[in-house]
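Data block below; observations after.
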Amino acid sequence: MKTKCKECEGDISIADDVVIGEIISCPDCGTDFEVFEVKEKTVSLKQAETVGEDWGE
Ligand SMILES: [Zn+2]
């Protein structure tokens, strides 16, 4: 599977067995993303939370 980096719009390759909560790093810009949704062919990413940051309920 592939998705686009929100930072640099580069392609990110993602393993087919990716799980929610997994951290993916963009190979181009190094930004860390957390997987928050997995559908058949689509993975949605959000910017990974930094430790100590408010989770913002
Ligand atoms: Zn990137």
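The values are calculated or read from the model by the stated rules, or taken from the named source; none is laboratory data. Since the model is a prediction, treat every value here as computed from it, not as a measurement. Glycine also receives a Cβ, built like all others from the backbone with ideal geometry; neighbour counts cover every protein chain displayed. We work out accessible area using only protein heavy atoms, side chains counted, and drop any ligands, DNA or RNA first. Shrake-Rupley method; radii C 1.70, N 1.55, O 1.52, S 1.80 Å.
So here's what we get for this one:
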read-out: Loop-resident sites, the stretch 1-37, for GluC sites (Glu not before Pro), counting at most 11 other Cβ within 10 Å (DSSP); value: 9
read-out: 14 Å beta-carbon shell around residue 16, net charge (K/R +1, D/E -1); value: 0
read-out: Percentage of interatomic Cα-Cα distances in the chain larger than 12 Å; value: 63
read-out: Order of exposure, largest accessible area first, which applies to 12, 20 with probe 1.4 Å; value: 20, 12
read-out: Trypsin sites (Lys or Arg not before Pro) within the stretch 8-50: DSSP coil, no more than 12 neighbouring Cβ in 10 Å; value: 39, 41
read-out: Probe 1.4 Å, all protein chains present, accessible-area order of 42, 31, largest first; value: 42, 31
read-out: Unit charges on C-beta of K, R, D, E only; dipole of the chain, Debye; value: 280
read-out: Accessible surface of residue 16 - all protein chains present, 1.4 Å probe, nearest 10 Å²; value: 130
read-out: Where the chain is the region considered: accessible area per residue in Å², 1.4 Å probe; value: 75
